[in-house]
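Let me begin by presenting the structure, written as structure tokens, before commenting on it.
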């Protein structure tokens, strides 16, 4: 199945208040493998960026002044994600921003062209009562996030991909595909040979010791020693 791990950075927290996307990153997975294909763009938000947001991701309006507007990248973005399953941590946040941007230019909502899976909801079901932020999940699943001194959509998508793979390990079967005509791993051209077994028989002394032990068991169990009901092998 084709999946896209997606993350955004924004000018603030509320698209309803006119906040905009300033960075958009998508990483493609085929099954449980990264394909190497990705979509990553910085975006000119055409507005100021809240100071609190800049403190999170480090980006300013001046940094983005020469970047394309969202409308310039929208069709390329929709082509990249169409028909996939989107994996997003705290999906309602990113989807609200994406849909606000797409509605602004008359494009369809992203969740009308993709299936959206919220990895935060998944994490809460797998780890109830625990912290499930991206940093907490990286710690829990031993994903190296030492470079995450600031939030960034591309880095966070890469970390989320590793976390998702760790969270879902063992939930999907891995298909082993053998190329046509390839030799099997184990050659069967020779008939299996019977193992050579060595039979060691008990000595007279060992048989006598065994009988004495059985007689003691019979006496203590009031005749319920099963081994004395059959003659001992010579």
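Coordinate-derived values only; no laboratory data. Everything quoted here is computed from the prediction, not taken from an experiment.
If you wrap the tightest convex hull around every Cα atom of segment 40-84 and split its volume per residue, you get 91 Å³. Pairwise inverse Cα distances across segment 2-167, averaged and inverted, put the Kirkwood hydrodynamic radius at 16.2 Å.
Each principal axis of the Cα atoms in segment 62-117 has its own extent, and those three values, largest first, are 34, 21, 18 angstrom.
Fully extending the segment from residue 75 to residue 204, taken as 0.36 nm per residue of separation minus the present Cα-Cα distance, adds 37.3 nm.
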